[in-house]
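Take a look at the structure below.
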Amino acid sequence: MRSYTDGHIKIHPLGGILLAIGLSLGGCAQVSVPMGSNNVATPTVLTGSIPSASDVAYSDVDEDDRSIIAGHLDTLGATLADGQAATGVALPWLNSVSGNSGTLTGIDTSVLSATGCLTFRTTANTIAGIKLYDGTACRDITRKFAVTALTVSEA
């Protein structure tokens, strides 16, 4: 009986030749996987940007602040479900852990029924100062809002 630690390995000569041919012909094949759209002029956006420490909006308004903002947008759920506009609504928000606060205004629900997303403006009073941000919030699978984009407003 032969031991597994014997160290003698036999490779069939035909197996080696087939392996070499398969590897050499594999480089000649053209296999491509479509990644969203083949329209080069206006490609489909598959994901948002990944927040980084150098992103001003992300470093000022962190994930906890964004979840509080989304929670306040959820409080308008019944109003938004009825299709009523949220014009003139000002929702103050406060993160008691970070001390950041602000006011949600300019909530635009014009594309909410079609996309599940809305746009808004918020002020943010942070350690870096008071700034105005433009944001987008979309509903997730549980029908709760999540802030998907937040940028410093040019206004």
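The values are calculated or read from the model by the stated rules, or taken from the named source; none is laboratory data. Owing to the predicted nature of the structure, the values given are computational and were not obtained by experimental measurement. Quick reminder, even Gly has a Cβ in these numbers, built from the backbone with ideal geometry, and neighbours come from all protein chains shown. Only protein heavy atoms, including side chains, enter the accessible area calculation; ligands, DNA and RNA are left aside. Shrake-Rupley method; radii C 1.70, N 1.55, O 1.52, S 1.80 Å.
Here are a few things to note about the model shown:
- All strands (runs of 3 or more DSSP E) inside region 107-155 with 1 or more residues being in contact (Cβ under 8 Å) with a residue 60 or more places away in the chain and more than 14 Å from ASP65 (Cβ to Cβ): 145-152
- Qualifying positions in region 126-147 - of a type outside the set (D, E, K, R) and surrounded by 15 or more Cβ atoms within 10 Å (Cβ to Cβ): THR126, LEU132, TYR133, GLY135, THR136, ALA137, CYS138, PHE145, ALA146, VAL147
- Yes/no for LEU94 being open to solvent by 50 Å² or more (accessible area, probe 1.4 Å), among the hydrophobic types (A, V, I, L, M, F, W, C), touching a helix residue (DSSP H, G or I) at 6+ places or on another chain (Cβ under 8 Å) and modelled with pLDDT of 90 or more: yes
- Hits in region 114-125 - residues which are more than 20 Å from the chain's Cα centre (by Cα) and either of a type in the set (Ser, Thr, Tyr) or exposed (fewer than 14 other Cβ atoms within 10 Å of the Cβ) (or both): THR123
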